[in-house]
1. Evaluate the relative contact order of the range 414-543 (contact order divided by residue number), counting alpha-carbon pairs under 8 angstrom at least 6 apart; express in whole percent.
2. Taking only Cα atoms of the range 300-428, what ratio of Rg to Rh do you get with Rh as the Kirkwood inverse-distance radius?
3. How large is ³J(HN,Hα), in whole Hz, for each residue of the range 456-466 in order, when computed from phi with the Karplus curve 6.51 cos²θ - 1.76 cosθ + 1.60 and θ = phi - 60°, using x for Gly and Pro?
4. So what's the gap between the Cα centers of the range 19-48 and the range 306-360, to the nearest angstrom?
5. Given the pairs 136/445; 65/306; 86/171; 86/306, which are separated by over 25 angstrom at their Cα positions?
6. Which whole-Hz couplings ³J(HN,Hα) result when phi for each residue of the range 543-558 is put into the Karplus expression 6.51 cos²θ - 1.76 cosθ + 1.60, θ = phi - 60°, listed in order with x for Gly and Pro?
7. What shape does the range 156-280 take by its C-alpha gyration tensor, where a ≥ b ≥ c are the square roots of the eigenvalues and a/c under 1.5 counts as rounded, a/b above b/c as prolate, and the rest as oblate?
8. If amide H atoms are built 1.01 Å from N in the plane of the peptide, which residues on other chains or at least 5 residues away come under 5 Å of the amide H of residue 111?
Amino acid sequence: MKKSLILGISLVFAASSAFSAPFTPELLKLSAPAKQYYEFDGNIMTMPVTVTGTPAQVNFLVFTKDQASSISNVTNGFLGWHTVNKIDTCLYVSAPVEMVKGQNQITWDGKDENGNMVPAGTYTYYLWGFDNVNAKMQASASIATSRHNNYLRSLEYGPDGQALANPVFYKGGPTSSQWALGGDPEDAGLLQTCAVAYPGGWANGMTIALDVNDPSYFYGEMGNADLNTLAIVKFSWVPNGDAVVQNDWAEDGVASSSGSWMGGNGEAGVATDGEYLYAVMGNHFTISTAEANFYVWDMAGDLMSKLDLSSWWSDPAALAAEAQMNGGPNTISLRNGIAYLNCHCSCLVQAVNPVAGLDDEDNFNVWVNDNGDLTLDHNFETESARPWICNDYNVGPYTYTLEADANGFSISPCYDMGAVSFGLLGPDGTGMSYRAFAGETADLKDGQYFIDNGSQFDGMYVDNYSGGGAGLWFIGHDSIKGEISNQVGVADAAPAAFTVAQNVPNPFNPTTTISFTLTNAGRTTVEVYNVAGQKVDTLVNASLKAGSHSVTWNAAKFSAGVYFYTVKSGSFSKTMKMTLLK
C-alpha cells in the first residue's frame, strides 16, 4: 500500500441556483433555575420551567453529583442490562411532560425510580425536550443519509475551538460532500463536493472525518477482506474537485492495522476529535468467530491501541439461537471526548472514553445499555422465537445511528416499530423509552443527529421519509442541567421571592395543580373563589416551611366556568385566574 494506492478520481460538478430563502429555524430553548432549593422532606418540589421558540415534550431527571469516582463497573437492572463506570448515575426519570411556550412547571416528590425517598443532599438535575408538535423544517435538499450507509457527520467547532456560526454537515462515499447550514435549502449550488475513489479490492467505510485542526484535510477508512486489513487514508479536500492523498502522512498517506473487513460499506468509517483518530470493527456477518475491535491512532498515523470489545459485542448464546455471534459495532460518533457505538443489527449501545482507556483499559467503558429495559431491546416480546437475544438482525428496531447532544443524551432512530421515531437514552445510558416526531409513520428512519454548539442552528437533524421529502430536516431540541440541594450554601439560598405560578393544566377538567414558593415559614392559605367573589373551597390552611409547594384542586363537584385562587402567607398575597371545562 504505497504510492500505488494513489486514487483515480472523477470530477463532479453541482448545478447552482440563486440564493433566495435562507434556513432560519425557530429554536426550542428551555430555562429553569440553575440551583433549586429542596428540603427532601416529602413535600412536592415545584420548579418553574420556561419554554421558548416551540412547544416541547420534556423529561426531568435526577442524577447523583460528584460520585463518579466511587462508581466502578456497576451492573444492574433486569438481565443486567445497564453497566456504568466512572460517571454519575440516574436516580429518577419523569414521564414525558407536554409543555407550552411560556411558563410551565416540573414537580417532584423526592422519590427515586423505586419509590424510595432520595436522601437529602446535592444532586444534578436535567431537562431534555424536543418539539413533538410542529412538522420538520427542511435544512437541505442536497445532503442526506444514504439508506443506512454513508451517514452524515457534522463539524461544529473551528480549529480555534470556537463554535462555528454555520456548522457543516458532511458525508463520505465516492462523491463526498459538505453543506454549511444557513443557506437556501433548495439551492443545490451550495453543496460542495469532492470526488474520492478507492483502489480495486478495497471498500470504503461509511463515514469520513474532517480534520478539526485543519478542515482542508479529511480522513477516510478503507478495508480489504482478502488482506484482513483496515486502513485510514489522509486526503486534502479539493472543493468541487478531486481529493488528493497526502503521501507525507503515515506510510504514503495510509495507516493500517489487521482486522476482518466484512466487505461492502458495512464498516463504520473514521472519527476524530483532533487529538486522535478512531475506528471500530464488528463483523456482524461472522457466524462463529467472536470479533469486535476499537482502534486508536494518533494524528501522525501511529496505532496507539487496538482494544478487544468482544466481551460486550459477541455472544455465543446468540449464535446457538441461530442469530449472530457479533452485534457490531458498525457506527461511531463523538461528543465531548466520548465515543458512542451501535449497530442496526443489535440491541447493544455503548459509550466509551478512548483517551482514558489508553492509560487504563478499566476506564475505557463509560456505559452500556443491553437488553432488559425495553428501550432499543430485541426479542423482548413473549412470543419471540429467540427470547432476549440481542445480536439479531432479523428483528427490529433497526437503529442505524447513535448520536449524543452536549449533555450526553443520546438518540437512535427506530425502524420497524411503527410510528416511533427514536429511542432516547440518558447521560448514563438509562433507557428513557421511545419518542415520535409530529406526523411520524412506519416509514424508514435512518440518520438522526444533533447540532448543539450554541449557534442559531441548534437542534435535531433527521431524514423525512415519513413526510416524503428528501434531504436533511430540522426539529427543535434542547437540554439543560442544574442543581437540586437542601444546602443553602450550595443551592444559593432559600427562595428570595414569594411567587405563585399559573395552575397546570389550564383550562382543566376536573383536576389542576397550583404551585407557589414561600420566602418564609408561616401560616399559609390557598382559597378558591367564583366570579362573584364567593369563596367556594379552601385547599390549604396550615403552617408551611419556606420553599416550593403545590396543591391539587379536584373540581369534579363544581360547574364549568372561571374561578380564582388566592395564595396568602404573612404579608404576601396573590390571586390568579383559572378555567374549569366540563
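1. After rounding, I find 11 percent.
2. 0.99
3. Taking θ as phi minus 60°, the curve returns 6, 10, 4, x, 9, 10, 9, 6, 9, 4, 5 Hz for the range 456-466.
4. Result: 33 Å between the Cα centres.
5. In this structure, 65/306; 86/171 lie more than 25 Å apart at Cα.
6. 7, 10, 7, 5, x, 8, 9, 8, 9, 9, 9, 9, 9, 4, 8, 9
7. Taking the square roots of the gyration eigenvalues as a ≥ b ≥ c, the range 156-280 is prolate.
8. Correct list: 118.
The values are calculated or read from the model by the stated rules, or taken from the named source; none is laboratory data. No experiment lies behind these values; they were computed from the predicted model shown. Don't worry about glycine lacking a Cβ; one is built from the backbone with ideal geometry, like all the others, and counts go over all protein chains shown. Accessible surface is based on the protein model in full, side chains and every heavy atom, while ligands, DNA and RNA are left aside. Shrake-Rupley method; radii C 1.70, N 1.55, O 1.52, S 1.80 Å.
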